[in-house]
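Inspection log for the structure reproduced underneath, given as structure tokens.
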Amino acid sequence: MCGIVGIVDSKKRAIDEHVLASMCDAIRHRGPDEEGKYVREGVGLAMRRLAIIDLKGGQQPIHNEDRTIWIIFNGEIYNYRELRAHLEKLGHRFYTNSDTEAIVHAYEQYGTDCPKRLRGMFAFAIWDEKKQELFLARDRAGKKPLLYAHVNGKLIFASEFKALLLHPDVSREVNPEAIHHYLSFMCVPAPLTAYRAIRKLEPAHTLRFTRDGEIKLERYWHLDFTKKVKISEEEAGERAVEILREAVRVRLISEVPLGAFLSGGIDSSAVVALMSEESSGPVKTFSIGFEEEDFSELEHARRVARHVGADHHEFIVRPSALEVLPTLVEHYGEPYADSSAIPTYYVARETRRHVTVALNGDGGDECFAGYERYAAMRLAEAYGRIPQTLRRWLIEPAIALLPSSERRRSRARDLKRFVTAASLPTVERYVRWVSVFDGEAKRALYSDMFHQQVAGRASSEFIAPWFRNGSGVVDAALFADTMTYLPNDLLVKVDIATMAVSLEARSPFLDHHVIEFAASLPEELKLRRLTTKYLLKRVLGRLLPEENLQRRKMGFGVPLSHWFRGELRPFLEETVLSEKALKRGLFKPETVRRFVAEHVSGRRDHSHQLWTLLMLELWFEKFID
């Protein structure tokens, strides 16, 4: 695991090595063990390494036999041994035992098709001296980040924003459209970033920067939900366990201490159970708990740990936003408002005291239909068949009268959210359910100037393409989440939170074999009536306690609502209601003041909206002001 940076100048001007070194040093946390660089006429590549495989021989950059191809690499390739054996039979000669070198020779053999041969998580840069061409690639699911800027005839790239922004040619001019979509999704959707000059290389994409200074983007992997396998429920269950077990097994490759995050939810519990069966000794597991009962899953994690005989470690923390926010804002580098980044950072920090690699359950919900919104999408199809007059004059008024609740899990709150969107067209319904600020809220919030800047830029444009693939409504929502919510939000969260403390995170559910198998299953095996993760719950009964399989999904959050009425209230008001914030021209001051007043008084719960505005203003203060 590493961090990478680079500069390629199509005009072959000398690389400023001081700038390159500064960029590399900015991501030291991603690779505290060593650094490496490659500098030639018009080309500078550099990296920081967190040594996991081939500790002594895997120093980067790594080259081919005649030193005409050079690579810097962030990630892990789990099939590198098989790939190496295949390439050696074709005449390639290796000088290390690292997975990185397998990519070099795969590029020699297969050219820009080489990512198709790789199984793992990766973001890498290859400089081809003969072609005078830079080749960038990112893994299928989007586990590893890669940012770039094309300015003044140069292609400048990095693993994180704060490295890229150190180059003097990279402007910090704000992208209003990105802010507009951030307010919908709590994150900026790829390929956009909060900066006009910077783009994200999207998952499953490659980028070629040619000798004439042109950029050529290409998608090398396509997920297909339309090709369904004919399989019985029993066979599907056996195959699901088999393929997930194999994905876990290959992720146990490590020359440093290894463990797993354990929340007590189905996905992380399944990974830990399979790790236990594949390991010779007890698996080290790590869980985090909070004082607030609604936000702590320790008893569920503890039950799984006892069941599989894990070497279990628990950490009780009282999340302090004031303590951790500066760190998170600095590392994320653009507005990011998923509050679960806070507990993710805490559990990563504590886990790193014991191990260097941790497996997790990320991706299980998107593969096997774990979110309740999938059931809601299907239920909305039936709700839409109820006569409109009955819905409008009887059902919706009755639900509106249900008492509000401040509890994290509230059926009344869920029902109210359901009816606000259930009658909308499919894509708009989905967007309403995943948005923090919907269209109505944005109209009330935006200043006239900001409204004009983003007019016609509907956030649904990032979702709609995945609903046009001919699948049922559940598969369409799974497809949309896999292509948007997963890489733009969840995987960014985990990459940044873990790499900030030099911990490598591995995700068996995001093995592309697992993703493709899940996509090929009929919807009814993933969501049976209103039962989410139907197939997994059926087949994991022999591996996990029944209590863990049947409890309601909890998620990984923090008590924002309480914080903003208590310890965080002064900080919130000083930040989002400051003269500086209110004069940025994005929002109507009276609307922001109303959000704050309604929330702190207890009349409304605007916690997620306020958190989104708070994180935006903190980003402005850190990176723009």
Residues of type aspartates and glutamates that LYS131 reaches as a straight line, Cα spacing below 19 Å, ignoring anything fewer than 8 places off in the same chain: ASP9, GLU41, GLU65, ASP66, GLU108, ASP113, ASP212, GLU214, GLU218
Relative contact order computed over the chain (Cα-Cα under 8 Å; 6+ residues apart), in percent: 15 percent
Extension gain (nm, one decimal) between TYR110 and ARG552, 0.36 nm per residue minus Cα-Cα: 154.4 nm
Chain lengthening between HIS354 and ARG604 when straightened (0.36 nm per residue, less Cα-Cα): 85.8 nm
With every protein chain in place, the chain: carbon and sulfur % of accessible area (1.4 Å): 49 percent
Burial ranking of peptide ranges 55-66, 587-598, 488-499, 299-310 (average Cβ count within 10 Å, highest at the top): 488-499, 299-310, 55-66, 587-598
FRET efficiency, 1/(1 + (r/R0)^6) with R0 30 Å, evaluated for LEU322 and GLN452 via beta carbons: 0.25
Selection from THR112, TYR38, PRO545 lying farthest towards where the dipole of the chain points positive, charges on Cβ: PRO545
Percent of beta bridges antiparallel (DSSP, the chain, rounded to nearest 5): 80 percent
Peptides 528-536, 427-435 ordered by average Cβ neighbours within 10 Å, highest first: 427-435, 528-536
Long pairs among LYS227/LYS416; LYS11/LYS143; LYS143/LYS526; LYS89/LYS200; LYS162/LYS588, criterion Cα-Cα beyond 25 Å: LYS227/LYS416; LYS11/LYS143; LYS89/LYS200; LYS162/LYS588
Among THR531, PRO326, TYR220 - extreme Cα towards positive end, dipole of the chain, charges at beta-carbon: THR531
ARG306-ARG468 pseudo-label distance in nm [points 7 Å out on the Cα-to-Cβ vector]: 5.4 nm
Inter-label distance, nm, simple model (7 Å from Cα along the C-beta direction), ASN79/ARG172: 4.4 nm
The range 141-255, accessible area per residue, ligands and nucleic acids excluded (1.4 Å, Å²): 39 Å²
Stokes-Einstein translational diffusion, the range 503-625 - Kirkwood Rh over all Cα pairs, 1.306 mPa s, 10 °C, in µm²/s: 86 µm²/s
Inter-centroid distance (Cα atoms) of the range 1-69 relative to the range 494-526, Å: 28 Å
Rounded if a/c under 1.5, otherwise prolate or oblate - the range 412-527, Cα gyration tensor axes: oblate
Among ALA137, HIS354, ILE266 - extreme Cα towards positive end, dipole of the chain, charges at beta-carbon: ILE266
Rounded to the nearest 20 debye, dipole of the range 228-295 from Cβ charges on Lys, Arg, Asp, Glu: 420 debye
Spin-label pair GLU41/GLU567, simplified geometry with 7 Å Cα→Cβ offset, distance in nm: 6.0 nm
Added length on full extension, which subtracts the Cα-Cα distance from 0.36 nm per residue, GLU34 to GLU579: 191.7 nm
Spatially proximal lysines relative to LYS533 (Cα-Cα < 16 Å; intrachain offsets below 8 disregarded): LYS553
Largest to smallest accessible area among MET186, MET23 [probe 1.4 Å]: MET186, MET23
Net charge dipole size for the range 190-283 [Lys, Arg +1 and Asp, Glu -1 on Cβ; Debye, nearest 20]: 700 debye
Heavy-atom accessible area per residue - the range 465-543, 1.4 Å, Å²: 28 Å²
Residue order for ARG245, ARG81 - accessible surface, 1.4 angstrom probe, largest first: ARG81, ARG245
Total charge dipole magnitude, the chain, about the Cα centre, Cβ charges on Lys, Arg, Asp, Glu only, Debye to nearest 20: 1200 debye
Zone residues, the range 103-132, relative to LYS12, backbone N less than 16 Å from point 7 Å out along Cα-to-Cβ: 128-132
Over 21 Å between alpha carbons, listed pairs LYS144/LYS622; LYS216/LYS622; LYS130/LYS216: LYS144/LYS622; LYS216/LYS622
Reduced Cα scattering model of the chain, Debye log10 I(q)/I(0), q = 0.06, 0.12 Å⁻¹: -0.32, -1.36
Protection proxy ranking, peptides 267-277, 37-47, average beta carbon neighbours within 10 Å, highest first: 267-277, 37-47
Accessible surface ranking that places the most exposed of GLU160, GLU238 first, with a 1.4 angstrom probe: GLU238, GLU160
For the range 146-193 and the range 221-286, distance of Cα centres in Å: 34 Å
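The values are calculated or read from the model by the stated rules, or taken from the named source; none is laboratory data. Being a predicted model, the structure only gives us computed values, none of them experimental. Using ideal geometry, Cβ is built from the backbone for each residue, glycine included, and neighbour counts are taken over all protein chains shown. With ligands, DNA and RNA removed, areas are computed over all heavy atoms of the protein, side chains included. Shrake-Rupley method; radii C 1.70, N 1.55, O 1.52, S 1.80 Å.
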